[in-house]
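As structure tokens, the structure follows; a few thoughts come after it.
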Amino acid sequence: MKRLDLIFSERELDAIIKTLEKANVPGYTVMKHATGRGPERVVTEDMEFTGLGANAHVIVFCEQELIDKMRDNIREDLSYYGGVAYISEATPL
Amino acid sequence: MKRLDLIFSERELDAIIKTLEKANVPGYTVMKHATGRGPERVVTEDMEFTGLGANAHVIVFCEQELIDKMRDNIREDLSYYGGVAYISEATPL
Amino acid sequence: MKRLDLIFSERELDAIIKTLEKANVPGYTVMKHATGRGPERVVTEDMEFTGLGANAHVIVFCEQELIDKMRDNIREDLSYYGGVAYISEATPL
Amino acid sequence: MEISPILQNVLAPPVLFFLIGAISVLFKSDLEIPAPLPKLFSLYLLLAIGFKGGIEIQKSGFTDQVLPTLSAAILMSLVIPLIGFLILRFKFDVFNSAAIAAAYGSISAVTFISAESFLESQKIAFDGFMVGALALMESPAIIVGLLLVKFAAPKNRPKSRKMHLSAILHESLLNGSVYLLLSSLIVGFLTASSNPSGIEKMEPFTGQLFYGAECFFLLDMGIVAAQRLPRLKNAGSFLIGFAIFMPLFNAFIGVFVARFLSLGPGNALLFVVLCASASYLAVPAAMRMTVPEAKSSYYISTTLGLTFPFNIVLGIPIYMSLVNTIIPLSPL
Amino acid sequence: MEISPILQNVLAPPVLFFLIGAISVLFKSDLEIPAPLPKLFSLYLLLAIGFKGGIEIQKSGFTDQVLPTLSAAILMSLVIPLIGFLILRFKFDVFNSAAIAAAYGSISAVTFISAESFLESQKIAFDGFMVGALALMESPAIIVGLLLVKFAAPKNRPKSRKMHLSAILHESLLNGSVYLLLSSLIVGFLTASSNPSGIEKMEPFTGQLFYGAECFFLLDMGIVAAQRLPRLKNAGSFLIGFAIFMPLFNAFIGVFVARFLSLGPGNALLFVVLCASASYLAVPAAMRMTVPEAKSSYYISTTLGLTFPFNIVLGIPIYMSLVNTIIPLSPL
Amino acid sequence: MEISPILQNVLAPPVLFFLIGAISVLFKSDLEIPAPLPKLFSLYLLLAIGFKGGIEIQKSGFTDQVLPTLSAAILMSLVIPLIGFLILRFKFDVFNSAAIAAAYGSISAVTFISAESFLESQKIAFDGFMVGALALMESPAIIVGLLLVKFAAPKNRPKSRKMHLSAILHESLLNGSVYLLLSSLIVGFLTASSNPSGIEKMEPFTGQLFYGAECFFLLDMGIVAAQRLPRLKNAGSFLIGFAIFMPLFNAFIGVFVARFLSLGPGNALLFVVLCASASYLAVPAAMRMTVPEAKSSYYISTTLGLTFPFNIVLGIPIYMSLVNTIIPLSPL
Ligand SMILES: Nc1ncnc2c1ncn2[C@@H]1O[C@H](COP(=O)(O)O)[C@@H](O)[C@H]1O
Ligand SMILES: Nc1ncnc2c1ncn2[C@@H]1O[C@H](COP(=O)(O)O)[C@@H](O)[C@H]1O
Ligand SMILES: Nc1ncnc2c1ncn2[C@@H]1O[C@H](COP(=O)(O)O)[C@@H](O)[C@H]1O
Ligand code: NA
Ligand code: NA
Ligand code: NA
């Protein structure tokens, strides 16, 4: 099993979830209100207040093949407004 | 060292923490207000409002043997109300 | 690529971010309002209220060499007020 | 200009803000009241309504009507889930039937508050002890629901799910909203008894602010309810029908009980609204904990997505005219 | 003791709390108003100002002044971004110029609220329909900004970024703050028309509480603005100059338009403030979504870090004396 | 019916809500006021109490009593931690002794607010400048605590932990709550001086709402305090005794100082309460930062779990009768 970590603007959340659902992932977890800095942007807490939205951190545990299926769509989602995606190994308990 | 990620309904938090403490884990971190979808349920933000509670994401860094010790208890905790548990490798800095 | 997970008191956040910036990490993500227990302390939610601050969870995706560069500084930051740091493998999507 | 009671109800600020919230979802506006702000308002409303009810009870004393009305209220919250269960079993398994039926036996505090506001705008009197009925009707339906599961569920339920009566009672009686409502009622009562200056000092907070806070909260309820509505489609037309029919049916029983109790029109409306409203807070929370086999989307999308808006917008004026028609009839 | 209008403005509680917030950042105090509490106050202020404006409009009716003023307001929010764009193009690319210009064409509700409070403290009358101008000026500048990008941007913009008019309109018209303001205006209007007792019951919430809530919110705005200010240094002196010059320039145009419209001094000041203020909410949110090529730190640090504090502290009294000087002049 | 002052205090809404919160923990109700809502109320209370204090000071002017009282307040907050330290050193190391002692030298704003409410309910007058004493007593104890650590700690403290005086001062003087209280005091003072209409407009927010907000906040404090109480068991009986004895002892010194200052009964009670109360906000925050060797569970569970509830429920009426007994005695 793999673990996919996606971090991106909350504004893109709907798009990313659509991508995940289309690939039929077994599940996902969303944590909002994340802040941070990337190569493009600083995301501070008061972004939420100015309506810009903080980041969302999405975790997906799924098989590698699902990730391969989603790769292009996620990359496109992220290429537009920024964000990062990383894969690591994970074993179910 | 291992990293154990547990994601489940906030309502189960006390039970899970009891399990962790019983196994004498060196520590754990809890992040509340997570939402998501699993094979059984959709957990949306307004669940908190309706008193259903969002999910909690618990991270535990510990040795494999501790995980083996807790496995059955955690599985039982999660089997009842749902939730996921994954293990991955982690090296202390 | 590596994934670095840092968990520590929110009060140390500025110091840690300074350390990360000095090492020129490509980015980082901050999640506040984490609670937990470590070998030294219990951090409960009402810590925020009493002004003690909850924990922050910082994730950094970067190369091993950057981590090596930051290791001493981070260890010093964490040695003072407590906190944990773990490294794991991560592959960009 | 004569306007119908329904239109008059719709044109009250709380209902208008509810509609605004709902419409914002329809139009995909990004209007959002982020957590935990709605919780602030729901806690506030419970505290304020309990406190004010306690004061009223102390002022009016325990009249002859109090005990029969409260008993009838509890009775209704025991009977309604049984009826609901029988109806729902035509289509659903024991778990879902019990969970949904419990929700309809219990009450919605915000619907009750809206009915109070409606009565005030119509200048119709009602009594503080009806808040007691509100508090007392929240829990019994949970107990009935859980007992239905306990006795009607297939015998092969996993061991760990065997419920203990003590856990059931705890879940139903010490739920945060029941607890806050009841204890605020006691605080109001004690304050009125021994510390009348405390009432005055609380008044700007619990009294004057109430209507505006209700509007703000209903704005959020509109958003939440409208987000739930589409999920009803998956629930099927039986459940959609149930979500409208059941409150009307319960209102109908309620109005005859109210008449039997000789309640005035104000108290009668509140009694009917308690019967007709369904819980989307305490009951779902309890059911999710204790009957995980039931689909939460069923009991939430019906109560929150359909029954709640129906009651707020159309139900209350309909029940009022029901009360005005049935109560004055010559004795049964 | 005679005190100057600027000092008098600075010594009003809202401005003092704004300064306290800003100074706390300077002194590195750990004073913080954690999310989402500021959102509570910003939603409240929009709801209350809309509601009160709607009531006023209903009361005063649609006077002769209403239509010309609202039309002029929309016109200003279309023209100002064009002027701003031309100025900014000297230094910036199309994307940044369009985004910044749009922010200055749009408005800041809190600046408007501060101007209302200033007028009240000076006992100068103004009309409720100016809230309509506030609501109407928020969106058009966004549309102009996006159209500027659409037509002036290099032709090699990636395909996916081709904007559809419908998306532009949705983003600009159904933004949460525009939506809440406009719909609260409608609620206020409907309540005043059909349910006058509803006004009284809302008054403690939307009326009496307003000033204090404004202070609390400005405390947070002071913190947020002061946190932004240092980032302006990276933006360069051209942009710093622009952030002061542009509101003054817009105020100057605005005051002549107000004179042309024969607005009284109260309405004139509000009109000028709408022209002079810049958006740090709706416009940045829309621009970040639709023009990711523009640097958000540019359009936020200017509007929030400099223009907003300038308007709140110095701008409003300056514009007032501008109004008092220019409006009474003999006809053009 | 004659009721004792203690019972009368317990039957006031703020104390009742505190007890309700505490009891909810006892009964394991899931009542919860999620973060950051309590922060909203604590910020509000500081802002309101500071603002009102500033107005009072401006109105009454700097009477003869002001300077001696404020000086005595600062003195007390320097002396009390020294006494506490000597007592605590019997059982604890330097770090824990200093941290706990500092907490008892500092103050709890909510205890002060509760004492004000108690006085108001008893119709006993007090002066606005006592809020100044509140603000001034928060920080000095922190400095004493840190200096105790600096000079009494074992010489082998790691290098990085050598504290600089500037850091100590910053931590103690620019703590968010001290800063907000002091600066709101100044805003109140300036508003009363130059802008009296501002006072009226703030009144519904800072005045009328105060009592209700206090109740709501104490509901949460009850929950938080009751959650802390069990942790006291691990702290041992010495610390439990200290948490009750120390406030009584400090109250006793305080009442003689108040008598020496010839304070009226209202001011005297507030002075005594400042001496008797212990900080669970500013001091713990500062200590956690600067003396990580001290166990936070010690200084929080004592101050928040025991001393705070003791003062709120029993302490204030006890101190009042102490004041009523000692102050009128013939001269020393
Ligand atoms: N190297 C990184 N490690 C961790 N988080 C990152 C990294 N780079 C970017 N992020 C996160 O991704 C968000 C979007 O970055 P950006 O693509 O620059 O807008 C940032 O705000 C961070 O929260
Ligand atoms: N494959 C998955 N990846 C990430 N999170 C998951 C996954 N499956 C379930 N979850 C999380 O676990 C929670 C409980 O799922 P469930 O067991 O279906 O109730 C969900 O709400 C998700 O937050
Ligand atoms: N083994 C662990 N696994 C996960 N989180 C931990 C662990 N140990 C400590 N933490 C986190 O690090 C924080 C600081 O711990 P401490 O150093 O004991 O103050 C704790 O509050 C936890 O959130
Ligand atoms: Na019901
Ligand atoms: Na403008
Ligand atoms: Na003290």
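Things to note:
Let's see how each residue does on (1) under 21 Å from C:Met1 (Cα atoms); (2) within 14 Å of chain F (Cβ to nearest Cβ); (3) surrounded by 19 or more Cβ atoms within 10 Å (Cβ to Cβ); (4) within 15 Å of the chain's Cα centre (by Cα):
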position	(1), (2), (3), (4)
C:Lys18	no, no, no, yes
C:Val25	yes, no, yes, yes
C:Thr29	yes, no, yes, yes
C:His33	no, yes, yes, yes
C:Thr50	no, yes, yes, no
C:Ala56	no, no, yes, yes
C:Phe61	yes, no, yes, yes
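- Contact map, the range B:40-66: residues that are among the hydroxyl-bearing types (Ser, Thr, Tyr) paired with residues that are more than 13 Å from ligand 2 (Cβ to nearest atom), Cβ distance under 9 Å, separation 6+ or inter-chain. Pairs shown: B:Thr44/D:Gln227; B:Thr50/D:Val224; B:Thr50/D:Tyr280; B:Thr50/D:Leu281; B:Thr50/D:Pro284; B:Thr50/D:Ala285; B:Thr50/D:Ile300; B:Thr50/D:Leu304.
- F:Ile326 among the β-branched types (Val, Ile, Thr), surrounded by 24 or more Cβ atoms within 10 Å (Cβ to Cβ) and more than 14 Å from chain C (Cβ to nearest Cβ): no
- In the range D:40-83, of all residues being charged (D, E, K, R) and crowded, with 18+ Cβ neighbours inside 10 Å, the one that is modelled with the lowest pLDDT corresponds to D:Glu56.
- Condition check for E:Gly222: small (Gly, Ala, Ser) and more than 14 Å from chain D (Cβ to nearest Cβ): yes
Let's see how each residue does on (1) more than 22 Å from F:Ser139 (Cβ to Cβ); (2) touching a Phe, Trp or Tyr at 6+ places or on another chain (Cβ under 7 Å); (3) away from chain C (no Cβ under 14 Å); (4) in a helix (DSSP H, G or I):
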| position | (1), (2), (3), (4) |
| --- | --- |
| F:Ala278 | no, yes, no, no |
| F:Ala286 | no, no, no, yes |
| F:Ser301 | yes, no, no, yes |
| F:Leu304 | no, yes, no, yes |
| F:Phe310 | yes, no, yes, yes |
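- Some residue of the range B:26-42 being small (Gly, Ala, Ser) and out of contact with any strand residue (DSSP E or B) (no Cβ under 7 Å at 6 or more places or on another chain): no
- Flag for C:Met31 being among the aliphatic types (A, V, I, L, M) and either within 16 Å of ligand 4 (Cβ to nearest atom) or in contact (Cβ under 8 Å) with a residue 40 or more places away in the chain (or both): no
- Residue, nearest to ligand 3 (Cβ to nearest atom), within the range E:79-125, restricted to residues that are touching a Ser or Thr at 6+ places or on another chain (Cβ under 6 Å), in a helix (DSSP H, G or I) and not small (Gly, Ala, Ser): E:Thr111
- Answer from A:Ile17, A:Ile7, A:Ile67 - the residue that is more than 30 Å from E:Tyr44 (Cβ to Cβ) and within 16 Å of ligand 1 (Cβ to nearest atom): A:Ile7
- Residue match in the range B:27-34 (condition: at pLDDT 90 or above and either within 11 Å of ligand 2 (Cβ to nearest atom) or of a type in the set (Phe, Trp, Tyr) (or both)): yes
- Failed condition for E:Ile87, given (1) at pLDDT below 95; (2) in contact with a helix residue (DSSP H, G or I) (Cβ under 9 Å, 6 or more places away or on another chain); (3) away from chain F (no Cβ under 14 Å): (1)
- Considering E:Ser321, E:Ser297, the condition of being surrounded by fewer than 24 Cβ atoms within 10 Å (Cβ to Cβ), in a helix (DSSP H, G or I) and more than 11 Å from chain A (Cβ to nearest Cβ) is satisfied by E:Ser321 alone.
- Qualifying residue in the range E:65-74 (condition: more than 16 Å from ligand 6 (Cβ to nearest atom), closer than 26 Å to E:Leu304 by Cβ, in contact (Cβ under 8 Å) with a residue 40 or more places away in the chain and not charged (D, E, K, R)): yes
- Condition met for B:Ile7 (surrounded by 22 or more Cβ atoms within 10 Å (Cβ to Cβ), away from chain D (no Cβ under 14 Å) and assigned to a helix (DSSP H, G or I)): no
- Qualifying residue in the range E:269-277 (condition: more than 16 Å from ligand 2 (Cβ to nearest atom), at pLDDT 95 or above and more than 26 Å from E:Leu181 (Cβ to Cβ)): no
- The residues of the range B:78-93 that are more than 7 Å from every other protein chain (Cβ to nearest Cβ) and touching a residue at least 60 places away in the same chain (Cβ under 8 Å), listed by number, are B:Leu78, B:Gly82, B:Gly83.
- Qualifying residue in the range D:104-114 (condition: modelled with pLDDT of 95 or more and over 18 Å from D:Gly50 (Cα atoms)): yes
- The range E:1-38 - residue that is surrounded by fewer than 18 Cβ atoms within 10 Å (Cβ to Cβ) and not in a loop (DSSP other than H, G, I, E, B) and, of those, modelled with the lowest pLDDT: E:Pro5
- So A:Leu66, is it under 11 Å from the mean Cα position of the chain (by Cα) and away from chain E (no Cβ under 14 Å): no
- From the list F:Val272, F:Val257, the one residue that fits, being buried (at least 24 other Cβ atoms within 10 Å of the Cβ), away from chain E (no Cβ under 12 Å), of a type in the set (Val, Ile, Thr) and away from ligand 3 (no atom under 16 Å from the Cβ), is F:Val272.
- Residue tally, condition of a type in the set (Val, Ile, Thr), more than 24 Å from E:Leu173 (Cβ to Cβ) and facing chain E (nearest Cβ under 8 Å), over the range D:1-60: 1
- Test: F:Leu19 is closer than 30 Å to F:Ser237 by Cβ and either without any contact (Cβ under 8 Å) to a residue 24 or more places away in the chain or within 16 Å of ligand 1 (Cβ to nearest atom) (or both): no
- Scanning the range E:63-78 for residues that are out of contact with any strand residue (DSSP E or B) (no Cβ under 9 Å at 6 or more places or on another chain), of a type in the set (Asp, Glu) and within 14 Å of another protein chain (Cβ to nearest Cβ) turns up nothing.
- For the range F:188-212, taking the residues that are at the interface with chain E (Cβ under 8 Å from one of its Cβ atoms) and either outside any helix (DSSP H, G or I) or within 22 Å of the chain's Cα centre (by Cα) (or both), the one that is surrounded by the most Cβ atoms within 10 Å (Cβ to Cβ) is identified as F:Thr206.
- The range A:61-93: number of residues that are outside any helix (DSSP H, G or I), within 30 Å of E:Pro284 (Cβ to Cβ) and hydrophobic (A, V, I, L, M, F, W, C): 2
The values are calculated or read from the model by the stated rules, or taken from the named source; none is laboratory data. All of these numbers come straight from a predicted model, not from anything done at the bench. Reconstructed Cβ throughout: ideal geometry from the backbone, glycine too, with neighbour counts over all protein chains shown.
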